[in-house]
1. What percentages make up the Cα-Cα pair-distance distribution of region 267-313 when the bins are 10 Å wide from 0?
2. State to the nearest 20 debye the size of the charge dipole of the chain about its Cα centre, where the only charges are +1 on K and R beta carbons and -1 on D and E beta carbons.
3. For region 282-295, what does the Karplus curve 6.51 cos²θ - 1.76 cosθ + 1.60, with θ = phi - 60°, yield as ³J(HN,Hα) per residue in whole Hz, taken in order and with x for Gly and Pro?
4. Take every DSSP beta bridge whose two residues both sit in region 292-441, then give the antiparallel share in percent to the nearest 5.
5. Amide H to amide H, which residues 5 or more places from VAL107 or on other chains are under 5 Å from it, using H placed in the peptide plane?
6. For the chain, modelled as a GNM with alpha-carbon contacts under 10 angstrom, which of LEU235, LEU93, LEU149 fluctuates the most?
7. Over all directions, what mean area does the Cα convex hull of region 245-287 project, stated in square nanometres?
8. Taking the Cα atoms of region 2-90, report the difference between the largest and smallest coordinate on each principal axis, in whole Å and largest first.
Amino acid sequence: MVYQEGIFVPLAWNDLRGLSVGVLGVGAEGLETAYRLNKLGIPFQSFTTDSQENLAELLKCQVVITSPGIPKNSAVIRNLVKNNTRVVTGLDLWLHSRDSLENVVLVSGTKGKSTTSALLCELLRAAGKTAFLCGNVGTPPWGREADSLAQEPDFWVVETSSYQAANLTTAAPLVIITSLSADHLTWHGSLQNYYEDKLSICTKYTPCTVIANGDSQELKKYQHLMGSDVRWVSLNDKLASELRPHLNIFGEHNVRNALLAVAALSQLGVKLERQKLYSVLQNFKSLRHRLEVVGSVGAVVFVDDTLSTNCLSTIEGIHAIKGPLALLLGGADRGIDYDSLAKEICDRLEATIVVTMPENGARIAKAITDRLDSANCHIVALFQAVSLSAAVAVSFQYLSGSGGTVLLSPAAPSFGSFRNYKEKSDCFRSCVEELNTANLRV
């Protein structure tokens, strides 16, 4: 398509001097971009959204720095490109502004990138190196927090979303790909586009080594998009058996995340004594909203996995929980097929209660219902709740006698019923606190 040809022109921050600049999107990243431009003394105009109302003013800009949430195929972006306006991103500007990219690691994947990024930073620090975790985690490497560092870190570990990857014109010598499955289809336009955008960072820097999840059939299928130097890690590796007993967070997928981080450490030429490696794994805590235990009421444990917004991540969460399970599903509907999730739920060999919530709860429930006649299905109840609080209440009611785990792992984004995943998580935690208070009165 015409608007994809040359849409992102390589520019560094200093190249913006003397040009008319617009900043499109004033979220967290947009504010840090404004900070950088102000520090450089570069005048700019801010635009809140990519609405048609802003188009006339945007077309007056020679360069528009867009935030990741603005789809590259939106009508406004297409018009800017047709007008020969250079459309860039803060991350691309930062990468092109660096004298060297040898100490930059880009970490991407449908799920697992945050944990892998954080774990790699901890391993680097245990080896006596300084490491700065940034990118999609909410801290742009060109922002105020990065500027507050006393000196350049030994390594920059940049969590990179598919939105960010799609808009880059360069990348880094080392890329980690944690997983690949359907997500963000509205933004990318199709599953094929999503896969191509996500994996594009593997071939935007030469030479590039890619460390990837060798247990992912999708990644193996799309290996041709990952360059010529791909190094696979797998749960079948001998190292997995060595690391597993030391890891203090839920799930086999986190064993794999640890393998990816250790492989990256080796590729960077950083040595770490085995006992220090084990110590990092033992002390590493679940990141917030990722299989995070938020409380218990009697024998019922409540786990917040709100950031599981697609089938793959929720499936990993299901695999991580042992014993009776109440699974809370549902959120904004992005048109994703839930058959793979339904199959995993129905194939689970322990007692499972499923509670779906708006807005896509009915679609998820139907996908599960279509498989309920499976001979090995252990689903003991399937409910469609009107709200998260109702879902928590019915889950607790079912598990309070026998005990078990209530897992909030929506397989969908939070917006719609909630402003964002944090608000959804806060609601979940409040429900747990209320149950605890009520339980104390009994």
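Any read-out appearing in this document is the output of simple, stated calculations on the displayed coordinates, not a laboratory observation. Since we're looking at a predicted model, the values are computed, not measured. Every residue, glycine among them, receives a Cβ derived from its backbone with ideal geometry; neighbour counts consider all protein chains shown.
1. Bin by bin from 0 Å, the calculated values are 21, 30, 29, 18, 3.
2. Working: 40 positive and 43 negative charges, 79 e Å.
Roughly 380 debye for the chain.
3. Those phi angles translate into 5, 9, 6, 9, 4, 5, 4, 6, 10, 6, 9, 6, 10, x Hz.
4. On the way: 5 of 25 bridges.
Taking every DSSP beta bridge with both residues in region 292-441, the antiparallel ones total about 20 percent.
5. Hits under the 5 Å cutoff: VAL158, GLU159, THR160, ILE176.
6. Most flexible of the set in this elastic network: LEU149.
7. 3.0 nm²
8. 34, 23, 21
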